[in-house]
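Let me begin by presenting the structure, written as structure tokens, before commenting on it.
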Amino acid sequence: MRRLLLKPWLLLSLAATLGGTAACSSDGDGVLLFSVEDDKALGEQVAAQTDSTYRAKGQLLERNSTNARAYQLLDGVVNKVLNSGEVKYRTEFPWDVKIIKDDAVQNAFATPGGHIYVFSGLIKFLENENQLAGVLGHEIAHADRRHTSKQLQQQYGISLLLSILVGDNPNQLVQIAAGLGQLKFSRDDESEADQYSVIYLNKTEYACDGAAGFFIKAEAQNQSGNGPAFLSTHPAPASRIQEIQAKAAELNCQNRTISNTGFEELKRII
């Protein structure tokens, strides 16, 4: 069993001092007490449970010969974002991405430590590869800026997460994995993920306001009562769209066109 970088007695003491949760301000921001190594360990366990859950439902697209082309296309987009030179934990986190086959769900989420999950319904909802890169950049930012870990710490408390890290609370691990796609972040964390999506894409061939394009379409559908599930945890008021577009204008990276041949193929084969 791995040794925690934060000693168990220290974490338990902190948990008791804070009443079992991280001290946090009114907008949900707080002090992150886990180390990066603990992020990775927790992420590995949550990802393994997530894989198991969706595999049991027959919805996890495995990384095998049957789905090799789909992952080749998706990995191509992910790696361009990761190799932008702006991802802080590029070499520390594994950054694997997996597809969940459910065309009725337009959502994506990230575990601590850089495991990314994308529903087929989200990929098919998007209009072009710029939008896919923008949404992936947003999720990568949640892991890279350690928002997911901070939110789990706030929601579940230090002592409970510690028990999962040492393997003493498998039932709670199942609950966390099941609820990760509905995890709600603070306004500041969402804004930072938006901004970093632009920053990441600025150093790629993509139009860096791809996330705004997705939110514009999603918000329009939401107003008609048929918005994607993504908006239940990633609210998209006009101000957020404007902030993404303003950051893209500042960096002068919004007017780029790329071929969507690979993206259209990805949508067809998943």
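The values are calculated or read from the model by the stated rules, or taken from the named source; none is laboratory data. All values reported here derive from a predicted model rather than from experimental measurement. Cβ: placed from backbone, ideal geometry, glycine included. Neighbour counts: every protein chain shown. Side chains included, ligands, DNA and RNA excluded: accessible areas come from the protein's heavy atoms. Shrake-Rupley method; radii C 1.70, N 1.55, O 1.52, S 1.80 Å.
Numbers at a glance
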| quantity | calculated |
| --- | --- |
| Cleavage-rule hits, trypsin sites (Lys or Arg not before Pro), the stretch 54-108, DSSP coil, Cβ neighbours within 10 Å at most 14 | Lys57, Lys88 |
| Of the trypsin sites (Lys or Arg not before Pro) in the stretch 136-210, those whose Cβ has at most 14 other Cβ within 10 Å and which sit in DSSP loop | Lys184 |
| Long pairs among Lys150/Lys267; Lys101/Lys247; Lys57/Lys247; Lys80/Lys247, criterion Cα-Cα beyond 30 Å | Lys150/Lys267; Lys101/Lys247; Lys57/Lys247 |
| Amide proton proximity set for Ser35, modelled H, under 5 Å, gap of 5+ | Leu6 |
| Accessible area per residue, Å², the stretch 105-172 with all protein chains present, probe 1.4 Å | 22 Å² |
| Equivalent ellipsoid semi-axes - Cα gyration tensor, the stretch 33-114, angstrom | 23, 18, 11 |
| Protection proxy ranking, peptides 114-127, 34-47, average beta carbon neighbours within 10 Å, highest first | 114-127, 34-47 |
| The stretch 141-210: GluC sites (Glu not before Pro) in DSSP coil with no more than 16 other Cβ atoms inside 10 Å | Glu205 |
